[in-house]
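A short worksheet on the structure shown next.
The values are calculated or read from the model by the stated rules, or taken from the named source; none is laboratory data. The structure presented is a predicted model; accordingly, all values stated were derived computationally and were not measured. Don't worry about glycine lacking a Cβ; one is built from the backbone with ideal geometry, like all the others, and counts go over all protein chains shown. All accessible areas refer to the heavy atoms of the entire protein, side chains included, with ligands and DNA or RNA removed. Shrake-Rupley method; radii C 1.70, N 1.55, O 1.52, S 1.80 Å.
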Amino acid sequence: MQQAVSTINEEKIHDFLGKVVTDFGASLSSVLGYMGIKLGIYKALADSSGLSSAELAGKTGLTERYIREWLLNQASGGYVEYDSATGRYSMTPEQNVALTDETSPFYVGGGFYVVKAMMHAQERISDSFMNGGGMLWGEHDPDLFVGTEKFFRPGYTAHLVNEWIPALTGIKEKLEKGVKVADIGCGHGASTVIMAQAFPNSEFHGFDYHQPSVDNAKKNAESANVSDRVHFDAAKSTEFPGDDYALVCFFDCLHDMGDPVGALEHARQTLADDGSVMIVEPMAGNNVEDNFNPVGRTFSAASTLCCTANAIAQGGEALGAVATEDALRNVAKDAGFSHFERCAETPFNRIFEARK
Ligand SMILES: C[S@@+](CC[C@H](N)C(=O)[O-])C[C@H]1O[C@@H](n2cnc3c(N)ncnc32)[C@H](O)[C@@H]1O
């Protein structure tokens with residue numbers, strides 16, 4: 001014991017403890033962020049020029065004592081502002097857009113839903129560490145499905161039509177003329193609907209093996225008035241119907257699949273000869289240490305609690321959310337594609353094109 005203490009560097013241990021306490025605050029505050037969205041507290045505050053806890057409680061119809069505590073936490077995290085002269089809280093335009101505007105590419109609210117849902121999986125995943133089992137997507141807290149849609153949609157809105165599709169070989173022109181597209185592992189269909197709105201001459205087919213997600217995707221297509229050209233059906237990535245697709249997409253889901261080679265092989269069989277497969281995967285490096293940053297930290301945690309567990313539950317080896325480019329290239333090669341390249345990227349995603 002004495003020996004262990006003497007080897008500890010005082011400054012380093014304080015730095016490390018500071019880091020851990022920061023994470024305690026961040027983890028707990030993330031739950032409060034979820035509540036801020038779900039209970040409409042951010043929206044009420046953003047839609048004001050500044051409110052005391054009593055005024056915010058009055059506006060939201062919530063209990064002042066809880067609101068007072070919540071506000072202090074939020075101000076200490078820099079999510080809202082506090083004016084000590086008036087005792088009022090407010091939000092800057094940046095805090096407002098990131099926490100309340102679901103149509104903005106800067107919206108981050110979905111992340112709180114994902115964190116909340118994934119924390120519920122801890123017990124099952126701990127068991128899986130011991131028994132090698134998995135956990136299917138559909139076995140998670142339903143906020144995972146809502147949160148995933150909310151979290152990914154801003155990135156798709158910002159980049160999919162303007163950057164990712166034009167980066168594929170001749171696909172934008174084909175979509176403008178009118179072709180068939182398949183969106184595999186489509187979840188709530190955010191990407192499918194965004195593409196359908198941008199390319200009214202084309203026909204879109206979203207497939208996911210999780211029936212409740214397919215049902216939600218249908219509702220989303222109806223609300224967006226595109227259900228005449230967008231069809232959603234439950235199907236596994238290795239079995240989805242159709243042929244002659246000009247474009248087959250995998251948005252943030254290939255690494256979740258138990259048989260990614262089988263999924264890409266099936267995509268190749270259903271693809272037109274001059275078609276493209278677009279594979280959107282989380283940003284990750286080619287070396288372990290390239291992922292030692294906030295994005296790599298977040299995706300590897302999500303991978304442990306969800307993506308890897310889903311692939312294992314489907315009987316696969318599991319690529320993981322931080323799969324290297326080399327690993328993904330090998331999957332495409334094993335699936336029979338002769339061409340595979342990274343054609344675009346954002347801080348959060350890598351976009352790959354595979355062709356026959
Ligand atoms: C992280 S979510 C992404 C959802 C959607 N693509 C998006 O970007 O919002 C992964 C999706 O893959 C689906 N999925 C996982 N394994 C699948 C499989 N073998 N076949 C079809 N869908 C699958 C899940 O049900 C889930 O909806």
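Tabulated values for the structure
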quantity	calculated
All helices (runs of 4 or more DSSP H) inside the stretch 143-255 with 3 or more residues being within 14 Å of the ligand (Cβ to nearest atom) and of a type outside the set (A, V, I, L, M, F, W, C)	143-159, 211-223
Candidate set: the stretch 59-70, residues that are assigned to a helix (DSSP H, G or I) and open to solvent by less than 60 Å² (accessible area, probe 1.4 Å); chosen: the one farthest from E102 (Cα to Cα)	E64
Filter pass, A234 being buried (at least 24 other Cβ atoms within 10 Å of the Cβ), in contact (Cβ under 8 Å) with a residue 24 or more places away in the chain and hydrophobic (A, V, I, L, M, F, W, C)	no
Search result, residues across the stretch 277-327 that are part of a helix (DSSP H, G or I) and either of a type in the set (S, T, Y) or in contact with a His (Cβ under 8 Å, 6 or more places away or on another chain) (or both)	T298, S300, S303, T304, C306, C307, T308, A311
E265 open to solvent by 10 Å² or more (accessible area, probe 1.4 Å), touching a residue at least 12 places away in the same chain (Cβ under 8 Å) and assigned to a helix (DSSP H, G or I)	yes
Residue list for the stretch 301-356, filter: open to solvent by 40 Å² or more (accessible area, probe 1.4 Å) and in contact with a Pro (Cβ under 8 Å, 6 or more places away or on another chain)	L319, V322, F348
Selection status of K150, of a type in the set (K, R), within 29 Å of F24 (Cβ to Cβ) and assigned by TED's automatic domain parsing to the domain that holds D256	yes
Count - residues of the stretch 124-138 that are away from the ligand (no atom under 11 Å from the Cβ) and part of a helix (DSSP H, G or I)	8
The stretch 290-327, residues that are more than 16 Å from the ligand (Cβ to nearest atom) and of a type outside the set (S, T, N, Q)	D290, F292, P294, G296, R297, E325, D326, A327
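To keep it simple, each residue is scored yes or no on (1) surrounded by 10 or more Cβ atoms within 10 Å (Cβ to Cβ); (2) of a type outside the set (S, T, N, Q); (3) within 30 Å of A158 (Cα to Cα).
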site: S6; (1), (2), (3): no, no, no
site: G25; (1), (2), (3): yes, yes, no
site: Y34; (1), (2), (3): yes, yes, yes
site: Y89; (1), (2), (3): yes, yes, no
site: T92; (1), (2), (3): yes, no, yes
site: S104; (1), (2), (3): yes, no, yes
